[in-house]
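Please read the structure below before turning to the comments.
The values are calculated or read from the model by the stated rules, or taken from the named source; none is laboratory data. Just so it is clear, the model here is predicted, and its values are computed rather than measured. Note that we place each Cβ from the backbone using ideal geometry, even for glycine, and neighbour counts take in every protein chain shown. With ligands, DNA and RNA removed, areas are computed over all heavy atoms of the protein, side chains included. Shrake-Rupley method; radii C 1.70, N 1.55, O 1.52, S 1.80 Å.
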Amino acid sequence: MDSRDLGTVGLLLVSCFLLAAGGVRAGGAQRFEAMFNFGDSLGDTGNLCVNKSAANQLLLTFAQPPYGMTYFGHPTCRCSDGRLVVDFLAQELGLPLLPPSKQQDGADFRRDASMAIVGATALDFEFLKSIGLGYPIWNNGAMNVQIQWFRDLLPSICGAAPPAAEGQDCKDYLARSLFVFGPFGGNDYNAMLFFGLTVDQARNYTPKIVDTVASGVEQLIQLGAVDIVVPGALPVGCFAIYLTFLPSDDPADYDGHGCLRALNELSVYQNSLLQSRLAALQARYPSARIVYADYYTHIDRLVRSPARFGFTTGAVPACCGAGGGKYNFELDARCGMKGATACRDPSRHESWDGVHLTEAVNRLIAEGWLRGPYCHPPIATQSIA
């Protein structure tokens, strides 16, 4: 059984389950007064562009057309043609689209905010520096930095000045909020794999990455969070950026769908450890509801059977690019750069830019978390408009 089978069978059995015994609150569908998001480019609603001191031109292509073409009609610094998973979650729950937490003018953070930022790592930048991976691209906002950003927002969220911003009234409000924490870890591996480490060497750091994520969940619980969704790793071996930068001359290194086995096995390993750590946290904090959200199995199914879900291509090639390479992905001619164009109908593609997903896939992922089967019980029960 290869890594794809391990991902589908093993994770389907145990993933995206509600770890707490409580589940959905009485009265039907779970409803929240606010929503707060942490993570990387899959959840960044604009922090990279607002926090330009942390950005560089390598990343700011996300602020150029045709990003944002599908829903917004213009770039919003989201890494997709339209909405992200967290956007769909917010709309389903009757909340505004999440403003980036670093936004200064006119931002209202009382009902939601996104701390996520492109390039975010689980491990602190100082640790990456200590192992020779301290490149500025990974210094945008690591997990603990994002938690500090959230602490800094608490006076705006709870309407109280410190120290009351972390007092019981604020904790009660956070207890009625939904937290999406991650995914984290993808950029940690990027820092390692794109700058000289092997997959086996990167795997040695997986327990530390998972322990760090678990410590972040615990910090949120101590601040007052009760409902926390923790997404796992994606099958990154099926994405154009990894297939382009980390190719193999050995056909045996690829599965039947053209994905790199070793990278997907790394994701499966992280997800297994993460679920174990979350189960331990749930036992320690029985009043919390910690939900593991399964990216891997859902995307794995999309890769295996794209036509079943209305797609003409699988996870590769990219919809947006300059037409180069095997997967329509080249670093010097990627989406948002001169010469790059979008495919005619992004809704028929799974990959937007070779790194991130199209709005169509993000919608399906959100549906899987809101209605099942990739979170059970689901976050909500109504379909997305």
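Computed values, structure above
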| item | result |
| --- | --- |
| Flag if ARG308 is open to solvent by 40 Å² or more (accessible area, probe 1.4 Å) and either free of Cβ contacts under 8 Å to residues at least 12 places away in the same chain or over 21 Å from the mean Cα position of the chain (by Cα) (or both) | yes |
| So VAL361, is it β-branched (Val, Ile, Thr) and open to solvent by 10 Å² or more (accessible area, probe 1.4 Å) | no |
| Per-region count, region 20-44, residues modelled with pLDDT of 90 or more, open to solvent by 10 Å² or more (accessible area, probe 1.4 Å) and not aromatic (Phe, Trp, Tyr) | 4 |
| Positions within region 324-344 being of a type in the set (D, E, K, R) and either open to solvent by 70 Å² or more (accessible area, probe 1.4 Å) or in contact with a His (Cβ under 6 Å, 6 or more places away or on another chain) (or both), in sequence order | LYS326, GLU330, ASP332, LYS338, ARG344 |
| SER177 modelled with pLDDT of 95 or more, out of contact with any strand residue (DSSP E or B) (no Cβ under 6 Å at 6 or more places or on another chain), farther than 29 Å from GLY354 by Cα and surrounded by fewer than 24 Cβ atoms within 10 Å (Cβ to Cβ) | no |
| Region 200-217 - residue that is in a helix (DSSP H, G or I) and either open to solvent by 40 Å² or more (accessible area, probe 1.4 Å) or touching a His at 6+ places or on another chain (Cβ under 9 Å) (or both) and, of those, nearest to LEU133 (Cα to Cα) | GLN201 |
| Test for ASP188: is it charged (D, E, K, R), at pLDDT 95 or above and either in a helix (DSSP H, G or I) or in contact with an Asp or Glu (Cβ under 6 Å, 6 or more places away or on another chain) (or both) | yes |
| Candidates LEU278, LEU273, LEU246, LEU260 - the one that is open to solvent by 30 Å² or more (accessible area, probe 1.4 Å) and touching a strand residue (DSSP E or B) at 6+ places or on another chain (Cβ under 8 Å) | LEU246 |
| Single unsatisfied condition, ARG284 versus (1) open to solvent by less than 50 Å² (accessible area, probe 1.4 Å); (2) under 25 Å from PHE38 (Cβ atoms); (3) not hydroxyl-bearing (Ser, Thr, Tyr) | (1) |
| Qualifying residue in region 103-119 (condition: open to solvent by 30 Å² or more (accessible area, probe 1.4 Å), at pLDDT 95 or above and closer than 22 Å to ILE365 by Cα) | no |
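Yes/no per residue for (1) closer than 16 Å to ALA240 by Cα; (2) modelled with pLDDT of 95 or more:
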{"position": "VAL268", "(1), (2)": "no, yes"}
{"position": "ALA280", "(1), (2)": "no, yes"}
{"position": "ALA307", "(1), (2)": "no, no"}
{"position": "ALA315", "(1), (2)": "yes, no"}
{"position": "LYS326", "(1), (2)": "yes, no"}
{"position": "LEU331", "(1), (2)": "yes, no"}
{"position": "LYS338", "(1), (2)": "no, no"}
{"position": "ALA342", "(1), (2)": "yes, yes"}
